[in-house]
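To start, the structure under review is shown below, and the notes come after it.
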């Protein structure tokens, strides 16, 4: 009878070239390797699915950010037009009454009141939207934005100072 082909084993070969003990160990090792291979394949499959989902999520976030930026830009155009309207009124009064000093947005005495002064700031309202846009995000994109404090925003366009909130 042939002996086991494993070194230093003197048992008789019963399962091909191996003894029963070594044949059982080889079968266990083969099964372990097959399970590890299956786990690695599943892990790769899971990772690929996660990558695909992350790519979908990233694209969706990118599209949402682009849509939000577009909406902010649209609001800024509207609000810039409001500021320009005030500036146009102030400049027209300054041209009409060059002898008068201090004509600006706000109360101009017997010449009337123009919105956008300290006591009558322009009220800017963010239209309802699904992006959570804040007024500060819009103001930062507006022409002549000079700063803000305590919910009051200031713009300087063509040497005209306009207040808003």
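Read-outs: derived from the displayed coordinates by stated rules, not from any lab. Treat the numbers as computed from the prediction; the structure is a model and nothing was measured. Don't worry about glycine lacking a Cβ; one is built from the backbone with ideal geometry, like all the others, and counts go over all protein chains shown.
What to note about this one:
- Considering all different alpha carbon pairs of the stretch 48-94, the Kirkwood hydrodynamic radius works out to 13.6 Å.
- When only Cα pairs below 8 angstrom with a gap of at least 6 residues are kept, the chain shows a relative contact order of 16 percent.
- Ordered by the count of other Cβ atoms within 10 Å of each Cβ, fewest first, 71, 37 give 37, 71.
- Relative contact order %, the stretch 77-119, counting alpha carbon pairs below 8 Å whose residues are six or more apart: 32
- The stretch 1-83 - convex hull of the alpha-carbon atoms, volume per residue in Å³: 91
- Between the helical axis of 20-96 and the longest alpha-carbon principal axis of the chain there is an angle of about 10 degrees.
- Size-normalised alpha-carbon gyration radius of the stretch 20-164, reference 2.2 N^0.38 Å: 2.18
- Counting beta carbons within 10 Å around each of 142, 40 and listing the fewest first gives the order 40, 142.
- Taking 131, 97 and counting other C-beta atoms within 10 Å, the order from fewest to most: 97, 131
- For the chain, a Gaussian network of Cα nodes joined below 10 Å ranks 146, 74, 29 by mean-square fluctuation, and the top entry is 29.
- Residue 57/residue 130 FRET efficiency (R0 22 Å; Cβ-Cβ; nearest 0.05): 0.80
- Contour excess over end-to-end distance, with Cα ends at residue 3 and residue 148 and 0.36 nm allotted per residue: 43.0 nm
- Length released on extending from residue 41 to residue 141, taking residue separation times 0.36 nm less the Cα-Cα span: 31.0 nm
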